[in-house]
1. Quote the accessible area belonging to Val264 in square angstrom, nearest 10, computed with a 1.4 Å probe and with ligands, DNA and RNA left uncounted.
2. Rounded to the nearest 20 debye, what is the charge dipole size of segment 80-124 about its Cα centre when +1 sits on each Lys and Arg Cβ and -1 on each Asp and Glu Cβ?
3. What do you reckon, how do Ser253, Ser130, Ser103 stack up by accessible area (1.4 Å probe), largest on top?
4. Based on Cβ point charges of +1 for Lys and Arg and -1 for Asp and Glu, what charge dipole magnitude is obtained for segment 187-319 about its Cα centre, in debye rounded to the nearest 20?
5. So, taking all protein chains as they sit and a 1.4 Å probe, how much accessible area belongs to Phe260, in Å² rounded to tens?
6. Taking a 1.4 Å probe, which of His244, His90 shows the most accessible area, and what order do the others take after it?
7. Carbon and sulfur: what percent of segment 262-318's accessible surface (1.4 Å probe)?
8. Just reorder Cys113, Cys288 by solvent-accessible area, largest first, 1.4 Å probe, all chains present.
Amino acid sequence: MDDSRMYVFSSRPRVVEDPWRPRWSPSGRTQLKPGNIMRDPRVFRGDISSQPLEFARAPLDLETSGAVGPKRVRRKFRPRTPEPVQGRKHLEVQTESFLEELSDIPVVQEIECQTDSFLDRPETPIFIPSKTGKDAETQIDEGDLFDFEEEVRPILEILVGKTLEQSLLEVMEEEELAALMAQQRAFLERRNNQLPEVHRLQEQERRRREERERRMAEQKRALEEEKEVAEKMAARALTQQQLHDLVPSVFASLRREGYFYDPVERDVETNFFPRLVDDVQRVLQKKCRARELLDEIIYEVTQRRLEELEVLQTNASDP
(Lines give C-alpha, C1' and ligand atoms only; values in the text may rest on other atoms or scores of the structure.)
Protein backbone atom coordinates (compact mmCIF):
# COMPACT_ATOMS: atom_id res chain seq x y z
CA MET A 1 0.00 0.00 0.00
CA ASP A 2 1.16 3.49 -0.77
CA ASP A 3 2.54 5.30 2.29
CA SER A 4 0.92 8.56 1.24
CA ARG A 5 -2.55 6.87 1.26
CA MET A 6 -2.28 4.85 4.46
CA TYR A 7 -5.53 3.46 5.87
CA VAL A 8 -6.64 5.33 9.01
CA PHE A 9 -9.64 4.39 11.14
CA SER A 10 -11.27 6.75 13.62
CA SER A 11 -14.47 6.12 15.57
CA ARG A 12 -16.89 8.64 16.99
CA PRO A 13 -16.28 9.59 20.65
CA ARG A 14 -18.58 7.89 23.11
CA VAL A 15 -18.98 7.61 26.87
CA VAL A 16 -17.15 4.72 28.48
CA GLU A 17 -19.52 2.37 30.22
CA ASP A 18 -19.12 1.51 33.87
CA PRO A 19 -17.33 -1.87 34.00
CA TRP A 20 -18.98 -2.64 37.38
CA ARG A 21 -22.52 -1.92 36.21
CA PRO A 22 -24.37 -5.15 35.43
CA ARG A 23 -25.13 -5.54 31.75
CA TRP A 24 -28.36 -7.41 32.45
CA SER A 25 -31.50 -5.29 32.70
CA PRO A 26 -35.02 -6.46 33.55
CA SER A 27 -36.38 -4.33 30.73
CA GLY A 28 -34.90 -4.34 27.25
CA ARG A 29 -35.75 -0.63 27.00
CA THR A 30 -33.65 0.31 30.03
CA GLN A 31 -30.75 2.49 28.91
CA LEU A 32 -27.49 1.82 30.75
CA LYS A 33 -26.01 5.19 31.66
CA PRO A 34 -22.33 5.69 32.50
CA GLY A 35 -21.55 4.76 36.07
CA ASN A 36 -20.91 7.42 38.72
CA ILE A 37 -19.65 6.34 42.11
CA MET A 38 -21.35 9.33 43.75
CA ARG A 39 -24.74 8.00 42.56
CA ASP A 40 -24.15 4.40 43.56
CA PRO A 41 -26.56 3.53 46.41
CA ARG A 42 -24.03 1.05 47.79
CA VAL A 43 -21.58 3.87 48.59
CA PHE A 44 -22.23 5.67 51.90
CA ARG A 45 -21.55 9.42 51.92
CA GLY A 46 -20.93 11.41 55.06
CA ASP A 47 -19.50 10.82 58.53
CA ILE A 48 -20.28 7.29 59.65
CA SER A 49 -19.62 8.13 63.32
CA SER A 50 -22.57 10.55 63.47
CA GLN A 51 -25.10 8.24 61.77
CA PRO A 52 -27.03 5.35 63.31
CA LEU A 53 -25.68 1.91 62.63
CA GLU A 54 -28.93 0.75 61.06
CA PHE A 55 -28.52 3.23 58.25
CA ALA A 56 -25.47 1.44 56.94
CA ARG A 57 -27.33 -1.85 57.18
CA ALA A 58 -30.47 -0.58 55.41
CA PRO A 59 -31.52 -3.02 52.71
CA LEU A 60 -31.14 -1.90 49.11
CA ASP A 61 -34.43 -1.15 47.39
CA LEU A 62 -34.30 -3.08 44.15
CA GLU A 63 -37.23 -1.26 42.59
CA THR A 64 -35.97 2.30 43.26
CA SER A 65 -32.38 1.54 42.36
CA GLY A 66 -31.01 1.68 38.85
CA ALA A 67 -30.17 -1.44 36.86
CA VAL A 68 -30.79 -4.69 38.71
CA GLY A 69 -28.51 -7.63 38.02
CA PRO A 70 -28.81 -11.37 38.51
CA LYS A 71 -26.80 -11.25 41.75
CA ARG A 72 -29.19 -8.77 43.30
CA VAL A 73 -32.14 -10.89 42.23
CA ARG A 74 -30.57 -13.95 43.83
CA ARG A 75 -29.79 -11.91 46.95
CA LYS A 76 -33.42 -10.76 47.08
CA PHE A 77 -34.81 -14.28 47.04
CA ARG A 78 -32.16 -15.68 49.42
CA PRO A 79 -33.73 -17.23 52.57
CA ARG A 80 -33.54 -14.91 55.56
CA THR A 81 -33.93 -15.27 59.28
CA PRO A 82 -37.60 -15.71 60.16
CA GLU A 83 -39.38 -13.04 62.11
CA PRO A 84 -39.27 -13.40 65.95
CA VAL A 85 -42.28 -14.75 67.77
CA GLN A 86 -44.54 -12.49 69.71
CA GLY A 87 -42.90 -11.10 72.83
CA ARG A 88 -39.35 -11.66 71.62
CA LYS A 89 -36.91 -9.85 69.36
CA HIS A 90 -33.69 -10.58 67.53
CA LEU A 91 -30.39 -9.28 68.83
CA GLU A 92 -27.38 -8.45 66.75
CA VAL A 93 -24.42 -10.56 67.77
CA GLN A 94 -20.88 -10.17 66.60
CA THR A 95 -19.32 -13.32 65.23
CA GLU A 96 -15.78 -11.96 64.65
CA SER A 97 -12.83 -13.29 66.63
CA PHE A 98 -12.17 -9.86 68.18
CA LEU A 99 -15.17 -8.13 69.68
CA GLU A 100 -15.68 -4.41 69.08
CA GLU A 101 -17.82 -2.13 71.13
CA LEU A 102 -20.64 -0.71 69.03
CA SER A 103 -22.13 2.60 70.02
CA ASP A 104 -24.12 5.31 68.30
CA ILE A 105 -22.36 8.04 70.29
CA PRO A 106 -18.71 8.52 69.30
CA VAL A 107 -16.05 8.90 71.99
CA VAL A 108 -15.17 12.57 72.48
CA GLN A 109 -12.27 13.89 74.59
CA GLU A 110 -11.43 17.48 75.37
CA ILE A 111 -7.78 18.44 75.88
CA GLU A 112 -6.42 21.93 76.47
CA CYS A 113 -2.96 23.49 76.98
CA GLN A 114 -1.59 26.91 77.90
CA THR A 115 1.43 28.43 76.12
CA ASP A 116 3.96 30.66 77.87
CA SER A 117 4.32 34.32 77.03
CA PHE A 118 6.61 35.25 74.10
CA LEU A 119 10.24 35.51 75.17
CA ASP A 120 13.01 37.42 73.39
CA ARG A 121 15.40 35.26 71.39
CA PRO A 122 18.88 35.29 72.97
CA GLU A 123 21.90 36.26 70.94
CA THR A 124 23.55 33.50 68.94
CA PRO A 125 26.85 32.57 70.56
CA ILE A 126 30.04 32.64 68.47
CA PHE A 127 30.74 29.32 66.85
CA ILE A 128 33.85 27.68 68.25
CA PRO A 129 34.76 24.42 66.61
CA SER A 130 35.45 21.55 68.89
CA LYS A 131 39.11 20.83 69.58
CA THR A 132 40.62 17.72 67.97
CA GLY A 133 43.96 15.99 68.51
CA LYS A 134 46.46 16.30 71.33
CA ASP A 135 48.73 19.21 72.28
CA ALA A 136 52.49 18.62 72.65
CA GLU A 137 55.41 20.99 73.28
CA THR A 138 59.21 20.87 73.42
CA GLN A 139 62.07 23.20 74.37
CA ILE A 140 64.71 24.18 71.79
CA ASP A 141 67.84 26.03 72.98
CA GLU A 142 69.91 28.43 70.92
CA GLY A 143 72.12 26.62 68.39
CA ASP A 144 70.17 23.35 68.56
CA LEU A 145 68.58 23.61 65.10
CA PHE A 146 70.88 25.39 62.55
CA ASP A 147 72.90 28.54 61.80
CA PHE A 148 70.98 30.67 59.31
CA GLU A 149 74.02 32.30 57.76
CA GLU A 150 75.66 28.97 57.11
CA GLU A 151 72.57 27.11 56.02
CA VAL A 152 71.25 29.79 53.68
CA ARG A 153 74.48 30.07 51.62
CA PRO A 154 73.96 26.95 49.41
CA ILE A 155 70.34 27.96 48.84
CA LEU A 156 71.43 31.43 47.77
CA GLU A 157 74.10 29.97 45.49
CA ILE A 158 71.52 27.73 43.84
CA LEU A 159 69.03 30.59 43.44
CA VAL A 160 71.65 32.94 42.01
CA GLY A 161 73.03 30.23 39.70
CA LYS A 162 69.56 29.32 38.47
CA THR A 163 68.69 32.98 37.94
CA LEU A 164 71.89 33.60 35.92
CA GLU A 165 71.33 30.43 33.92
CA GLN A 166 67.74 31.41 33.19
CA SER A 167 68.83 34.91 32.19
CA LEU A 168 71.46 33.49 29.82
CA LEU A 169 68.89 31.15 28.33
CA GLU A 170 66.47 34.03 27.77
CA VAL A 171 69.20 36.13 26.14
CA MET A 172 70.19 33.22 23.89
CA GLU A 173 66.53 32.64 23.01
CA GLU A 174 66.11 36.32 22.10
CA GLU A 175 69.23 36.19 19.92
CA GLU A 176 67.99 32.98 18.29
CA LEU A 177 64.56 34.54 17.66
CA ALA A 178 66.23 37.60 16.14
CA ALA A 179 68.35 35.35 13.91
CA LEU A 180 65.22 33.41 12.90
CA MET A 181 63.39 36.64 12.09
CA ALA A 182 66.34 37.88 10.01
CA GLN A 183 66.49 34.52 8.21
CA GLN A 184 62.73 34.65 7.61
CA ARG A 185 62.98 38.19 6.21
CA ALA A 186 65.82 37.10 3.92
CA PHE A 187 63.80 34.07 2.84
CA LEU A 188 60.72 36.22 2.12
CA GLU A 189 62.83 38.67 0.10
CA ARG A 190 64.42 35.85 -1.85
CA ARG A 191 61.03 34.22 -2.40
CA ASN A 192 59.49 37.51 -3.55
CA ASN A 193 62.38 37.94 -5.96
CA GLN A 194 61.95 34.41 -7.28
CA LEU A 195 58.15 34.56 -7.42
CA PRO A 196 57.94 36.23 -10.91
CA GLU A 197 60.32 33.61 -12.29
CA VAL A 198 58.21 30.87 -10.69
CA HIS A 199 55.06 32.36 -12.25
CA ARG A 200 56.81 32.56 -15.62
CA LEU A 201 57.91 28.91 -15.37
CA GLN A 202 54.42 27.84 -14.27
CA GLU A 203 52.85 29.72 -17.18
CA GLN A 204 55.38 28.19 -19.57
CA GLU A 205 54.66 24.72 -18.18
CA ARG A 206 50.93 25.37 -18.51
CA ARG A 207 51.31 26.40 -22.15
CA ARG A 208 53.43 23.35 -22.85
CA ARG A 209 50.88 21.09 -21.17
CA GLU A 210 48.01 22.67 -23.13
CA GLU A 211 50.00 22.41 -26.38
CA ARG A 212 50.79 18.78 -25.64
CA GLU A 213 47.15 18.00 -24.85
CA ARG A 214 46.01 19.85 -28.00
CA ARG A 215 48.49 17.96 -30.19
CA MET A 216 47.51 14.67 -28.57
CA ALA A 217 43.82 15.47 -29.21
CA GLU A 218 44.61 16.38 -32.86
CA GLN A 219 46.63 13.21 -33.31
CA LYS A 220 43.85 11.16 -31.74
CA ARG A 221 41.25 12.87 -33.94
CA ALA A 222 43.43 12.29 -37.03
CA LEU A 223 43.81 8.62 -36.12
CA GLU A 224 40.06 8.31 -35.62
CA GLU A 225 39.39 10.02 -38.97
CA GLU A 226 41.93 7.79 -40.69
CA LYS A 227 40.37 4.75 -39.09
CA GLU A 228 36.89 5.93 -40.11
CA VAL A 229 38.08 6.53 -43.72
CA ALA A 230 39.67 3.08 -43.82
CA GLU A 231 36.43 1.54 -42.51
CA LYS A 232 34.40 3.48 -45.08
CA MET A 233 36.73 2.38 -47.90
CA ALA A 234 36.53 -1.22 -46.75
CA ALA A 235 32.74 -0.98 -46.49
CA ARG A 236 32.57 0.63 -49.94
CA ALA A 237 34.76 -2.06 -51.50
CA LEU A 238 32.68 -4.78 -49.84
CA THR A 239 29.46 -3.09 -50.94
CA GLN A 240 30.67 -2.75 -54.52
CA GLN A 241 31.70 -6.38 -54.50
CA GLN A 242 28.32 -7.43 -53.16
CA LEU A 243 26.36 -5.14 -55.50
CA HIS A 244 28.36 -6.09 -58.61
CA ASP A 245 26.01 -9.00 -59.27
CA LEU A 246 23.09 -7.70 -57.22
CA VAL A 247 22.40 -4.47 -59.10
CA PRO A 248 21.62 -6.07 -62.52
CA SER A 249 19.31 -8.64 -60.94
CA VAL A 250 17.57 -5.97 -58.88
CA PHE A 251 17.13 -3.71 -61.85
CA ALA A 252 15.81 -6.63 -63.91
CA SER A 253 13.29 -7.57 -61.22
CA LEU A 254 12.22 -3.93 -60.77
CA ARG A 255 11.85 -3.59 -64.51
CA ARG A 256 9.72 -6.72 -64.55
CA GLU A 257 7.59 -5.39 -61.74
CA GLY A 258 7.09 -2.14 -63.64
CA TYR A 259 9.10 0.24 -61.52
CA PHE A 260 11.32 1.18 -64.51
CA TYR A 261 9.26 2.09 -67.61
CA ASP A 262 9.35 4.12 -70.87
CA PRO A 263 7.75 7.53 -70.27
CA VAL A 264 6.13 7.64 -73.69
CA GLU A 265 4.75 4.15 -73.33
CA ARG A 266 3.55 4.89 -69.80
CA ASP A 267 1.94 8.13 -71.02
CA VAL A 268 0.22 6.29 -73.85
CA GLU A 269 -0.99 3.56 -71.50
CA THR A 270 -2.16 5.83 -68.68
CA ASN A 271 -3.46 8.86 -70.59
CA PHE A 272 -4.11 8.10 -74.30
CA PHE A 273 -5.58 4.61 -74.15
CA PRO A 274 -8.15 5.36 -71.36
CA ARG A 275 -9.32 8.51 -73.13
CA LEU A 276 -9.48 6.69 -76.47
CA VAL A 277 -11.46 3.84 -74.93
CA ASP A 278 -13.88 6.33 -73.32
CA ASP A 279 -14.40 8.13 -76.65
CA VAL A 280 -14.98 4.84 -78.52
CA GLN A 281 -17.45 3.73 -75.86
CA ARG A 282 -19.37 7.00 -76.13
CA VAL A 283 -19.46 6.72 -79.94
CA LEU A 284 -20.63 3.13 -79.74
CA GLN A 285 -23.26 4.03 -77.17
CA LYS A 286 -24.54 6.78 -79.48
CA LYS A 287 -24.66 4.39 -82.47
CA CYS A 288 -26.45 1.77 -80.40
CA ARG A 289 -28.96 4.34 -79.20
CA ALA A 290 -29.49 5.56 -82.76
CA ARG A 291 -30.07 2.01 -83.98
CA GLU A 292 -32.51 1.38 -81.15
CA LEU A 293 -34.41 4.55 -82.03
CA LEU A 294 -34.41 3.61 -85.71
CA ASP A 295 -35.71 0.12 -84.89
CA GLU A 296 -38.48 1.60 -82.77
CA ILE A 297 -39.49 4.02 -85.57
CA ILE A 298 -39.49 1.24 -88.15
CA TYR A 299 -41.52 -0.96 -85.78
CA GLU A 300 -44.06 1.77 -85.16
CA VAL A 301 -44.37 2.59 -88.92
CA THR A 302 -44.76 -1.08 -89.77
CA GLN A 303 -47.42 -1.54 -87.13
CA ARG A 304 -49.28 1.53 -88.37
CA ARG A 305 -49.13 0.38 -92.00
CA LEU A 306 -50.29 -3.06 -90.93
CA GLU A 307 -53.24 -1.59 -89.09
CA GLU A 308 -54.14 0.59 -92.10
CA LEU A 309 -53.88 -2.44 -94.40
CA GLU A 310 -56.17 -4.44 -92.15
CA VAL A 311 -58.66 -1.58 -92.13
CA LEU A 312 -58.59 -1.36 -95.94
CA GLN A 313 -59.05 -5.09 -96.26
CA THR A 314 -61.98 -4.97 -93.90
CA ASN A 315 -63.59 -2.15 -95.82
CA ALA A 316 -63.05 -3.90 -99.14
CA SER A 317 -64.65 -7.06 -97.96
CA ASP A 318 -67.80 -5.30 -96.78
CA PRO A 319 -70.49 -4.79 -99.62
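1. Its heavy atoms expose roughly 100 Å² to the probe.
2. Working: 4 positive and 11 negative charges, 115 e Å.
Using Cβ point charges on Lys, Arg, Asp and Glu, segment 80-124 gives about 560 debye.
3. These residues rank, largest area first, as Ser130, Ser103, Ser253.
4. Details: 26 positive and 29 negative charges, 362 e Å.
It comes to approximately 1740 debye.
5. 90
6. His244, His90
7. For segment 262-318, the apolar C and S fraction of the accessible surface comes to 57 percent.
8. Values: Cys113 120, Cys288 70 Å².
So the residues, ranked largest to smallest area, are Cys113, Cys288.
The values are calculated or read from the model by the stated rules, or taken from the named source; none is laboratory data. Please read these numbers as outputs of a predicted model, since none were measured by experiment. Counting neighbours? That spans all protein chains shown, and the Cβs are built from the backbone with ideal geometry, glycine included. Just the protein is used for accessible areas: all its heavy atoms, side chains included, with ligands, DNA and RNA removed. Shrake-Rupley method; radii C 1.70, N 1.55, O 1.52, S 1.80 Å.
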